[in-house]
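Here the structure is laid out as structure tokens; the discussion comes afterwards.
Coordinate-derived values only; no laboratory data. As the structure is a computational prediction, the values presented were derived from the model and not from experiment. Because the Cβ atoms are built from the backbone with ideal geometry, glycine has one as well, and the counts that use them run over all protein chains shown.
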Amino acid sequence: MTTPMNMVQAINDALRHEMRRDDRVVVLGEDVGKVGGVFRVTQGLWDEFGDDRVVDTPLSEGGIIGTAIGMALYGLVPVPEIQFADFIYPAYDQIVSELAKLRWRSGGEYPAKMVVRTPVGGGIRGGLYHSQSPESLFIHVAGLKVVCPSNPRDAKGLLLASIRDLDPVLFFEPKRVYRAAKGEVPEGDFVVPLGQAAVVREGADVTVIAWGAMLYEAIAAADEAKRQGIGCEILDLRTLWPVDVEAITASVKKTGRVVVVHEAPKTCGFGAEIVALINERAFVHLEAPPARVCGFDTPFPYALEMDYLPLAHRILPAIVDTAKY
Amino acid sequence: MQTLASPPTPPTGALRDDGSLDPAHAAALSDELAVALYEHMVLARVLDGQLIELQREGKIAQHSSAIGEEAAIVGAAAAIGDQDWIFPSSREFAAALWRGMPLGAYAHHAMGTALDAGRGRNAPDPPFWRAARVASVSPLVGTQIPHAVGLAWAARMRKEDVAALVFFGEGATSSGDFHTGLNFAGVTRAPVIALCRNNGWATGTPASRQTASAGFAIKAIAYGLRGVRVDGGDVVAVLSVVREARARAAAGEGGTLVEAIVTEAGVDPVLRLRRHLETRALWTIEREQRLQSEVRADVDRALAEAAAAGPPGIETMFDDVYAKRPWNLDRERA
């Protein structure tokens with residue numbers, strides 16, 4: 001059985017399902033309770049589960065993550081919400097120095113498991129402090145897993161997998177498609193395993209790698225490329241770390257050509273690591289230099305956000321150039 | 001109400017320099033507990049001295065001495081229940097040992113051996129010990145305060161009588177995590193006891209460079225917590241104050257910020273307790289000599305065994321990063 005949902009509804013459904021199943025799961029954050037969160041993702045949970053399971057916290061991201069670590073040490077499974085990924089930096093020390101390292105530094109005796117949910121990306125006129133995509137800052141940190149779904153089905157399945165995973169997970173929700181991305185979502189228990197990319201479309205000429213909201217731009221660019229006779233194979237990474245290196249390698253070995261798309265700035269963005277992995281594992285199969293279509297190496301702009309984002313009209317030339325190289 | 005400009009309230013005291021005890025605190029300390037506290041403070045003092053030597057010889061990377069602060073550390077650890085948690089900072093190895101971390105395990109931690117519970121990954125200190133609910137804390141100042149608050153808050157959510165005791169020096173009160181942690185503690189009424197050892201100095205920086213307020217306990221007022229000052233050289237006073245904080249936490253009255261004032265002036269806290277044992281006819285010169293030689297032998301044996309144990313194998317570096325090694329760590333380990 002499936003139900004049509006948008007991403008907000010699918011994430012809400014996953015939280016509600018897991019909170020009913022496991023009373024250790026608690027949601028905390030700024031206005032996640034009665035208000036239901038800045039994007040209404042947690043709406044209705046407070047009514048069902050009450051003050052001790054859905055907690056409005058003081059306005060301090062470092063405090064949210066720091067106290068959630070203590071809850072996790074006690075045996076709860078916190079699912080803190082950070083209102084925007086741009087607000088996560090006050091908690092960066094707690095995430096990087098504490099959360100990510102607890103299992104390792106304690107010889108496995110004090111793992112602190114939680115899922116940090118936070119909306120990412122631009123395209124909602126949020127300006128430079130409500131639009132960022134900081135995934136590579138977390139992928140670089142040993143001990144963290146990083147997930148970014150692109151559609152309601154994956155959002156539910158990946159969130160349930162993330163909550164049940166034994167490691168801390170950063171769960172980035174592409175807010176531009178929170179309500180725009182709609183689809184059928186399985187009812188009840190439904191898990192999409194971490195670490196597995198999805199081949200969204202098969203093709204023989206160019207591999208296009210994307211995730212989150214940019215997947216739809218990649219698809220739009222591939223549609224146009226197809227009209228020009230170029231067949232794209234589109235990979236939705238879904239889990240950014242540990243990345244599905246086998247799926248990437250298999251596709252690039254097939255096409256010999258690859259374009260990586262992401263919203264974050266190009267320099268030291270996750271695309272750099274993906275291209276390096278391709279060079280290490282599929283170099284002799286490459287027919288063209290791997291291309292990256294990314295955000296610019298500037299802060300995220302307010303008025304010019306549609307010029308900043310790597311939209312389909314910027315992806316298409318990269319696909320064509322790579323195909324014709 | 002105190003104001004910023006007024007001098008701090010005088011700290012609670014119980015044990016006088018001559019070893020006599022304020023009659024109001026007479027019931028606080030049984031004979032058995034008095035002797036146990038003394039023996040443990042002697043162990044802490046002897047071990048501390050040996051660690052200073054090892055650090056000077058370059059055999060351990062780092063040591064933050066707690067000499068003179070044993071009463072505050074051991075007294076607080078002894079005041080809470082077995083079900084409670086301790087979040088130490090870099091100077092509370094004596095609290096971990098009091099809770100039941102074996103001396104040998106501590107020695108393996110200090111030397112980073114293959115037998116260390118932390119598998120040689122952390123430079124000393126603080127140690128952790130799961131069986132005794134001594135949490136794993138980083139040396140980054142103040143970061144453990146929100147952890148303790150969150151743990152205590154979780155216990156309160158679950159309606160379980162568990163409290164958290166978190167230690168830090170007065171320098172940590174300048175950190176954001178101190179403010180954040182205690183603010184959350186006030187709002188959530190988490191059963192947490194935040195023990196600030198005020199020894200007047202954060203490495204080379206005096207307390208007057210940490211705060212302009214009248215002491216540190218007064219900061220509790222702004223968070224809606226109780227703040228109390230106690231003579232940190234007085235193990236009985238620390239025991240009483242932390243016990244009271246623990247009782248209030250159990251009663252749902254929330255957290256307490258304890259400022260334990262530790263100064264080099266006055267009688268050494270170990271000697272002060274020994275004088276008290278003598279006034280109660282619980283101690284003799286012979287017993288002192290026997291204790292000193294036994295403790296020294298225990299410490300020397302533990303450190304020697306750890307020194308002989310050797311470092312962990314290189315392959316262990318790749319364990320415990322995640323619950324299960326992902327592909328990249330499998331490759332690097334191979």
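Listing for the model above:
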read-out: Net charge of neighbours whose Cβ lies under 9 Å from the Cβ of A:Gly295, counting Lys and Arg as +1 and Asp and Glu as -1; value: -1
read-out: Beta bridges per DSSP with both ends in the stretch A:198-324, % antiparallel, nearest 5; value: 20 percent
read-out: Nitroxide proxy distance, nm - points 7 Å out along Cα→Cβ at B:Trp201 and A:Asp56; value: 4.8 nm
read-out: Cα gyration tensor, chain A - rounded (a/c under 1.5), prolate or oblate; value: prolate
read-out: B:Ala251 paired with B:Arg287, simple spin-label distance in nm, labels 7 Å along Cα-to-beta-carbon; value: 3.4 nm
read-out: Positive-pole candidate from A:Trp46, A:Ile95, A:Asn151, dipole of the stretch A:2-186, charges at beta carbon; value: A:Asn151
read-out: Cross-link partners of B:Lys159 among lysines (Cα-Cα below 22 Å; sequence separation of 8 or more within a chain); value: A:Lys113
read-out: For residues of A:22-28, the mean tally of beta carbons on other chains within 10 Å; value: 1
read-out: Whether chain B is rounded, prolate or oblate, judged on the alpha carbon gyration tensor where a/c under 1.5 counts as rounded; value: oblate
read-out: Helix-only mean residue ellipticity at 222 nm for the protein assembly as shown, each DSSP H run of n ≥ 4 adding -39500 (n - 2.57), per residue, nearest 500; value: -11500 deg cm²/dmol
read-out: Shape category assigned to the stretch A:273-319 from the gyration tensor of Cα positions, a/c cut at 1.5; value: oblate
read-out: Charge dipole (the protein assembly as shown, unit charges on Cβ, about Cα centre) - positive-most of A:Ala264, B:Leu97, B:Thr316; value: A:Ala264
read-out: Environment charge at B:Val137 (Cβ cut-off 15 Å; Lys +1, Arg +1, Asp -1, Glu -1); value: +3
read-out: Under 5 Å, built H, 5+ apart or other chain: amide partners of A:Glu173; value: A:Thr118, A:Val120
read-out: Cα-only Debye scattering, the protein assembly as shown: base-10 log of I(q)/I(0) at q = 0.05, 0.07, 0.11 Å⁻¹; value: -0.28, -0.52, -1.06
read-out: Highest-MSF residue in chain A out of A:Glu135, A:Glu184, A:Glu109 [GNM, Cα springs under 10 Å]; value: A:Glu109
read-out: Segment A:Arg20-A:Met306, length gained on full extension (0.36 nm per residue, minus Cα span); value: 98.9 nm
read-out: For chain B, built as a Gaussian network whose Cα springs stay under 10 Å, the top-fluctuating residue of B:Ala309, B:Ala131, B:Ala260; value: B:Ala131
read-out: Calculated FRET value between A:Tyr325 and A:Glu202, using beta carbons and R₀ = 25 Å, to 0.05; value: 0.70
read-out: Ranked by how many other beta carbons lie within 10 Å on average, peptides B:275-281, A:9-15, A:80-86, B:111-117 from highest; value: A:9-15, A:80-86, B:111-117, B:275-281
read-out: Modelled label reach - A:Ala272, point 7 Å along Cα→Cβ, the stretch A:111-152 residues with backbone N closer than 14 Å; value: A:135-141
read-out: Packing-based ranking, highest mean first, of A:234-245, A:61-72, A:292-303 given that Cβ atoms within 10 Å are counted; value: A:61-72, A:234-245, A:292-303
read-out: Among B:Leu303, B:Leu54, B:Leu165, residue whose mean-square fluctuation peaks in a GNM of chain B (springs only between Cα atoms under 10 Å); value: B:Leu54
read-out: Per-residue mean of C-beta atoms belonging to partner chains within 10 Å, peptide B:320-333; value: 5
read-out: Charge tally in the Cβ shell below 14 Å around B:Cys196, where Lys, Arg are +1 and Asp, Glu are -1, B:Cys196 excluded; value: -1
read-out: Peptide B:110-121, shielding by other chains (average Cβ, 10 Å cutoff); value: 2
read-out: Distance between the stretch A:237-291 and the stretch A:154-214 - C-alpha centres, whole angstrom; value: 18 Å
read-out: Alpha-carbon centroid distance for the pair the stretch A:1-39 / the stretch B:153-221, whole angstrom; value: 33 Å
read-out: 29 Å Cα-Cα threshold exceeded, pairs from A:Lys34/A:Lys266; A:Lys226/A:Lys253; A:Lys175/A:Lys253; A:Lys156/A:Lys254; value: A:Lys34/A:Lys266; A:Lys175/A:Lys253; A:Lys156/A:Lys254
read-out: Convex hull of the stretch A:249-305 built on C-alpha atoms - directionally averaged projected area, nm²; value: 4.1 nm²
read-out: Contour excess over end-to-end distance, with Cα ends at B:Ser65 and B:Arg331 and 0.36 nm allotted per residue; value: 91.6 nm
read-out: The stretch A:198-324: Rg to Rh, with Rh as the Kirkwood radius over Cα pairs; value: 0.94
